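Structure first, then comments.
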Amino acid sequence: MLHLALRVEQDIFLVRQRGREVAVAVGLEHQDQVRIATALSEVARDLLAACDGADVTFAVVTYPDGRFGLQIDLAPVGPLPAGTYQPQSGAVARLVDALGVTTLDGVTVVRMSRRAPSNAAQPNAQRLTELRAELERAVPGDALDELATQNQQLIAALDEVRSQRDELAVLNEELQETNQGVMALYNQLTEELEETNRGVVALYAELDEKSAQLRAASESKSRFLANVSHELRAPVTAIIGLGRLLADEGSDPLTAEQTRQVEWIRSSAADLLTLVNELLDLAKAESGRIEPAWAEVDLRAVFGQLRGTLRALATPSEVALVVEEPPHPAVIRSDEVLLAQVLRNLLHNALKFTERGEVRMRAKRREDRWELSVTDTGMGIAPELHERIFEEFYQVPGRTRVGGTGLGLPYARRLVTLLGGTLELCSEPGRGSRFTVVLPTGGA
Ligand code: ADP
C-alpha cells in the first residue's frame, strides 16, 4: 500500500505520521490509530539505533476468519544483532495484536499487525489504489507538527483516563449501594428464617407434649380397663357358681319360672365373664404386658388342633369347615398360643357370620413370609367398614343378634402386631370375607 524509508532521526516522525494516516485510511478506531502510530515510532527508533534504519511497508491483509487488518513490515537496512532484539517482550507489544521478528524468504523483518473492528468495511482493490494516491498526495508535516499532534493525542488520552476514572468512581458508588441493599435483604431473610425456626421448634415441643399426654391417656385407659375387669371377674364367677348351685338337683327344687330365671342369670353372667376376660386380654396387649414366647412353631400341629376343637363346636350343617394341611416344611418362628388364639378368633367369627357355604383356613408360604387366611362365604363387610371393625366395641349394625363383644378383632390385630405381622381384610358384602394373617417366617 505504501513504502517508506527510515534512515535518519527525522524519518521517525514521518513513519509515525504515515502510520496514523494509513490506520485512518483502512478504518481502524481512533484509539488503535494512536496505538499503531506509537508502536511504529518506538520500533522505528530501535531499528535506527540498531541497524541504521529500515524499509517500511504498509499492507492490508485478510485473516482466515474473513476479517482484515493492517500489517506493517520493517525490513532492517543493516544486519539485526542476532537474537538480541525481541520487541514482542516489551510494553510496545501490548499496543498491537502481534509484534515480532520474522524471516520471510530469507529476509528478516520486524512485523506488527492490528485487526480492524468487525464492523469495518475492507477496502477493495480500487479503494486501495485511491488510498495510495491520497497518501502520496498528502504532504508530510515536519517534526514539530508531529509533536503537536502527539501532544494532542496525549491530552486526549489523559482526558479519557480521567473520565474513565470518574465513571469507575460512580460505578463503585453504585456497587456499594447495591451491596448495602443485598446485605439488608440478607439480614431480613436471616431474621425471618430464625423466626420460622423458632416457630418450628415451638411446634415440635408442643407436639412432643401432646404425644406424651396421649401416651399417658392411653396407658391410664389400659390400666383402668385391667383393674375394672380384674375386680369384676371374681363377683361374676361367683354369680355363675351360685346359679349352678341353685339349679343343682341336690338343692331345694325350684318352680319352672325360677329355673328359667336362674338359667337366664347364669347365661348373662357367662356373657359378662366373656366380656370381662376379653377386656382384660386387650388391656394386657395394649399395655405391652404380653411378651410372646418365641419358638419354632409347627403350623400343621396348630391347624390340626384348631380343626379338632372347632369341629366339636356346634356348626350349622349348611356350613362346611375346611382346614387345609399347610405345605411342608410348615415351620414358623412365633408364639404358638397367641397365634392359635388369633386364628381361633377368626374361625369363630367366620362361622358366626356365615349361614351357608364353607369356612376355609389355609396357609401359603411366600418368599419370606407366611400368609394364613380364613375365608368364608358369609354376608361380607362393606368397604367403608373394613377399618372400623378393628375398633374396640364396633359391631356391624344389624348383626348383633349373633352375640359377641366387638373386642375380638382389635385384640387379634394387637396380637398379630406383637408377632411382627399384619392382619388384612378382603371382603365384599354378600360374597364373603377373607382375613389374612401375614407373618415373617423368621419371627418379629
Ligand atoms: P364380635 O365378633 O365379638 O362382634 P369382632 O371384633 O370379632 O367382635 O368383630 C367385629 C365385627 O366385625 C363383628 O361384630 C361383625 O359385625 C364383623 N365381622 C367380623 N368377622 C366377620 C366375618 N367373618 N364376616 C362378616 N362380618 C364379620
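Quick note: the coordinates plus some simple rules give every number you see, no bench work behind them. Given the structure is predicted, the values throughout are model-derived calculations rather than measurements. Glycine also receives a Cβ, built like all others from the backbone with ideal geometry; neighbour counts cover every protein chain displayed.
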Report summary line: Rounded to the nearest 0.05, FRET efficiency between Glu318 and Leu207 (Cβ-Cβ, R0 45 Å) equals 0.25
Requested in this report: Only loop residues by DSSP count here, and only those with at most 13 other Cβ atoms within 10 Å; note down the chymotrypsin sites (Phe, Trp or Tyr not before Pro) in segment 295-387 that meet that.
Outcome: none
Requested in this report: Could you go through segment 248-265 in sequence order and give the Karplus-derived ³J(HN,Hα) for each residue, using 6.51 cos²θ - 1.76 cosθ + 1.60 with θ = phi - 60°, rounded to whole Hz, and x for Gly and Pro?
Outcome: 4, 5, x, 7, 4, x, 10, 6, 4, 5, 4, 4, 4, 5, 5, 4, 5, 4
Report task. Give a residue-ordered list of calculated ³J(HN,Hα) values for segment 60-71 (Karplus: 6.51 cos²θ - 1.76 cosθ + 1.60, θ = phi - 60°; whole Hz; x for Gly, Pro). Result -> 9, 10, 9, 8, x, 7, x, 7, 10, x, 9, 10
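Give me the mean projected area, in nm² to one decimal, of the convex hull enclosing the Cα positions of segment 295-440. Mind dumping the intermediate values first?
On the way: hull surface 33.0 nm².
Mean projected area for segment 295-440: 8.3 nm², to one decimal.
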Requested in this report: Write down the radius of gyration of segment 214-287 and its Dmax, each obtained from C-alpha positions, in Å.
Outcome: 16.7, 55
Query raised in the report: Applying the Karplus parametrisation 6.51 cos²θ - 1.76 cosθ + 1.60 with θ = phi - 60° to the phi angles of segment 320-334, what ³J(HN,Hα) value in whole Hz is obtained for each residue in order, glycine and proline being reported as x?
Result: 9, 9, 10, 10, 6, 7, x, x, 7, x, 9, 10, 9, 8, 6
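Over the chain, what is the relative contact order in percent, taking alpha-carbon pairs closer than 8 angstrom and at least six residues apart?
Relative contact order for the chain comes out at 9 percent.
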**Report entry** Förster radius 45 Å - calculated FRET efficiency between Gln152 and Val182 (Cβ-Cβ, nearest 0.05)
**Finding:** 0.50
Query raised in the report: How long is the gain from Ser89 to Gln258 if the chain were fully straight, where each residue apart is worth 0.36 nm and the alpha carbon distance is subtracted?
Result: 47.8 nm
Report summary line: The simple spin-label model distance between Ala98 and Asp166, using points 7 Å out along Cα→Cβ, in nm, is 4.0
Report summary line: Taking every other residue with Cβ under 14 Å from the Cβ of Leu273 and scoring Lys and Arg +1, Asp and Glu -1, one gets -1
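Among 158-170, 68-80, 284-296, what's the highest-first ranking by average C-beta atoms within 10 angstrom per residue? Could the numbers behind the result be given before it?
Values: 158-170: 10.2, 68-80: 18.8, 284-296: 13.8.
Top of the packing list down: 68-80, 284-296, 158-170.
Subtract the Cα-Cα distance of Arg137 and Gln10 from 0.36 nm times their separation in residues, and report this length gain in nm to one decimal.
43.8 nm
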Query raised in the report: How much mean residue ellipticity at 222 nm does the chain get from its helices, if each DSSP H run of length 4 or more adds -39500 (n - 2.57) and you divide by all residues, to the nearest 500 deg cm²/dmol?
Result: -18500 deg cm²/dmol
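Taking 30 Å as R0, compute the FRET efficiency from the Cβ-Cβ separation of Ser267 and Thr309 and round it to 0.05. Please report the intermediate quantities before stating the final value.
Numbers: r = 22 Å, r/R0 = 0.72.
In this case the efficiency is close to 0.90.
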Query raised in the report: Hey, in the GNM for the chain with a 10 angstrom Cα cutoff, which one of His386, His30, His348 fluctuates hardest?
Result: His30
Query raised in the report: Cα centroids of segment 258-323 and segment 166-215: how far apart, whole angstrom?
Result: 63
Requested in this report: Bin all alpha-carbon pair distances of the chain at 10 Å intervals from 0 and give each bin's fraction as a whole percent.
Outcome: 4, 13, 15, 10, 6, 4, 3, 3, 5, 9, 11, 9, 5, 2, 1, 0
Report summary line: Residue span His328 to Arg356: 0.36 nm per residue of separation minus Cα-Cα distance leaves a gain in nm of 7.0 nm
Query - Extent along principal axes [Cα atoms of segment 1-141; Å; largest to smallest] - result: 39, 35, 30
Report summary line: For 203-210, 329-336, 96-103, ranked highest to lowest by mean beta-carbon neighbours within 10 Å, the order is 329-336, 96-103, 203-210
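If packing is taken as the mean number of other Cβ atoms within 10 Å per residue, what is the order of 119-126, 391-398, highest first?
On the way: 119-126: 11.0, 391-398: 12.5.
Output ranking for 119-126, 391-398: 391-398, 119-126.
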